[in-house]
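A.B. asks: Sharing a structure, written as structure tokens. Questions coming.
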Amino acid sequence: MKVFRRLVPALVAALLVTAFQGCETMQSDQSAQRAAMNAAIRAEAPGNYFIGRRFYKQDYKMWGWVRQPGQPWSTAKLVMMNEQKTLAPDRQQGHLGADNNFEYRLSGYFSGDTVYEPASDRFYPEFVLTGYELRATEPPLIFKDPRSIKPDVRLLTAPM
């Protein structure tokens, strides 16, 4: 019994060290992914296009986040998509939200108008879509909270 009492604190200490090392590894992996993503963003060619990240939420009608090439996600705008010239990818497929968190190269422009979205009780800039190209179906997370990309979670936080 005395041997067991001496072993328990040592085992607990070993388990705690292992658990904390796992957390450190996850954070360093996320930091490395974020650094790689930021380097890729800085390397984007300038041009007359935008980068869009689909942000589907069951309760809201905005399309997603749109930024200029070479600019960080923290500068992106949450937009309402004007589809009079081209349908958004998920609407073309006939399955709303099927492309949640996909990343696109977008052709189009900001109209200068804002559109009211009733569920959030806010106005968002209108983006007129004229074309798109899929860039990634599993891009790195751009939000601090991973629940932000879940369609059933009513969380509207800006990208980092």
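The values are calculated or read from the model by the stated rules, or taken from the named source; none is laboratory data. Given the structure is predicted, the values throughout are model-derived calculations rather than measurements. Virtual Cβ from ideal backbone geometry, glycine too; neighbours counted across all protein chains shown.
A.B. asks: For segment 31-73, name all the residues that are touching a Lys or Arg at 6+ places or on another chain (Cβ under 9 Å), over 18 Å from Asp152 (Cα atoms) and assigned to a loop (DSSP other than H, G, I, E, B).
C.D. replies: Tyr49, Pro69, Gly70, Pro72
A.B. asks: Mind listing whichever residues of segment 74-116 are assigned to a strand (DSSP E or B) and either under 23 Å from Thr157 (Cβ atoms) or outside the structural domain of Leu134 (by TED's automatic domain parsing) (or both)?
C.D. replies: Lys77, Leu78, Val79, Met80, Met81, Glu103, Tyr104, Leu106, Phe110, Thr114, Val115, Tyr116
A.B. asks: Going through Asn82, Asn101 one at a time, which residue ends up being on the phi > 0 side of the Ramachandran plot and either modelled with pLDDT of 95 or more or loosely packed, with under 14 Cβ neighbours inside 10 Å (or both)? Before the answer, list the steps.
C.D. replies: Numbers: Asn82 fails: on the phi > 0 side of the Ramachandran plot.
Exactly one residue qualifies, and that residue is Asn101.
A.B. asks: Still on this structure: If you check Met37, Met26, which single one turns out to be outside the structural domain of Arg122 (by TED's automatic domain parsing), more than 18 Å from the chain's Cα centre (by Cα), more than 16 Å from Glu117 (Cβ to Cβ) and at pLDDT below 95?
C.D. replies: Numbers: Met37 fails: more than 18 Å from the chain's Cα centre (by Cα).
Only one candidate passes the filter, namely Met26.
A.B. asks: Just to be sure I understand, how many residues within segment 98-110 are of a type outside the set (Asp, Glu) and within 14 Å of the chain's Cα centre (by Cα)?
C.D. replies: The first filter runs over segment 98-110 and keeps only residues of a type outside the set (Asp, Glu), leaving 98, 100-102, 104-110.
Next, from what is left, pick out any that are within 14 Å of the chain's Cα centre (by Cα): 100-102, 104.
Qualifying residue count for the region: 4.
A.B. asks: Considering each of Gly94, Gly70, Gly112, Gly64 in turn, give the residue that is under 26 Å from Gln30 (Cα atoms), of a type in the set (Gly, Ala, Ser) and loosely packed, with under 15 Cβ neighbours inside 10 Å.
C.D. replies: The unique qualifying residue is Gly70.
A.B. asks: Go through (1) assigned to a loop (DSSP other than H, G, I, E, B); (2) at pLDDT 95 or above; (3) closer than 22 Å to Ala36 by Cα for Asp152 and report which single condition fails.
C.D. replies: (3)
A.B. asks: Since Tyr132 meets every condition but one in (1) without any contact (Cβ under 8 Å) to a residue 40 or more places away in the chain; (2) within 16 Å of Tyr49 (Cα to Cα), which condition does it not meet?
C.D. replies: Looking at each condition in turn, Tyr132 falls short on (1).
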